[in-house]
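Presented below is the structure to which this report refers.
A short reminder: the numbers here are calculations on the coordinates, not readings from a lab. The shown structure was predicted, so the numbers you read here are calculated from the model rather than taken from an experiment. Here Cβ is always computed from backbone atoms with ideal geometry, including for glycine, and neighbour counts include all displayed protein chains.
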Amino acid sequence: MKRTTSPSGKSFRYKRCDAQEIIVYPSDDQCRDQDETAIVITSFTEELVRQAIMQKGKILMGASRDNPPVGSLGYLLRKVNQSPQQLSYLTGILRDEGFCKIEKEGNAYVITHRRS
C-alpha cells in the first residue's frame, strides 16, 4: 500500500486495484492508520478529473461537499452525482504520480496540469 497526503496535509494510504479503482484508507481522527473504512474512487471519476485538469490547465479543486464553486473539479463531480470529497485524495495521488501540482491560493486549492 502507498502513503501520501491530501492537499491540506492529512495522511492516507491507498492502493490501485487491477489498474482500475483506487481504494483509499483515510487516517482516523488521531492521524493513525486504519483499515475499517475505505473510499473507492472509480476509474470513471479518475478519468473525468484527469480530463478536466488537462483541458483547463489550471482549475480550482472545490472539494466542498455542499457548495463547490462553479467551474471547479468539485462542481464537475457534483454534476455526475459524485462526492467532491474524493478530490482531497485523488488530487494528492495525481500530484504524487507527477500528473499535476497543487497550490493554495487564499483558502482555495488550485490544481495545475504538469505538461510534459
Exercise for review: Return the calculated 222 nm mean residue ellipticity for the chain, to the nearest 500 deg cm²/dmol, obtained by summing -39500 (n - 2.57) across DSSP H runs with n ≥ 4 and dividing by the residue count.
Suggested key: -8500 deg cm²/dmol
Study note, to complete from the structure: Low-density loop GluC sites (Glu not before Pro), the range 38-103, at most 13 other Cβ within 10 Å, DSSP non-H/G/I/E/B, are 97
Revision key, fill the gap. Here FRET efficiency (C-beta to C-beta, residue 81 to residue 43, R₀ 22 Å, nearest 0.05) is 0.85
Practice item. Would you mind putting 75-87, 17-29 in packing order, based on average other-beta-carbon counts within 10 Å, highest first? Key: 75-87, 17-29
Study note, to complete from the structure: Expected sort for 31, 100 with the fewest Cβ neighbours (10 Å cutoff) up front is 31, 100
Study note, to complete from the structure: Subtracting the Cα-Cα distance of residue 56 and residue 20 from 0.36 nm times their residue separation yields 10.6 nm
Practice item. Let me know the charge dipole size of the range 2-113 about its Cα centre in debye, to the nearest 20, where only the beta-carbon of Lys, Arg (+1) and Asp, Glu (-1) is charged. Key: 340 debye
Study note, to complete from the structure: Between the modelled labels at residue 115 and residue 8 (7 Å from Cα along Cα→Cβ) the distance in nm is 3.3 nm
Study note, to complete from the structure: As straight-line cross-link partners of residue 56, the qualifying lysines (C-alpha separation under 18 Å, not fewer than 8 residues apart within one chain) are 79, 101, 104
Check your understanding: Normalised by the number of residues in the chain, what is the relative contact order in percent for Cα pairs under 8 Å and 6+ residues apart?
Key -> 21 percent
Study note, to complete from the structure: The summed charge of the residue 98 Cβ neighbourhood (under 13 Å; Lys/Arg +1, Asp/Glu -1) stands at +3
Practice item. Starting from the Cα of residue 105, step 7 Å along the direction of its Cβ; do the same at residue 67; then give the gap between the two resulting points in nm. Key: 2.1 nm
Check your understanding: Where does each of 99, 44 land when they are ranked from fewest to most other beta-carbon atoms within 10 angstrom?
Key -> 44, 99
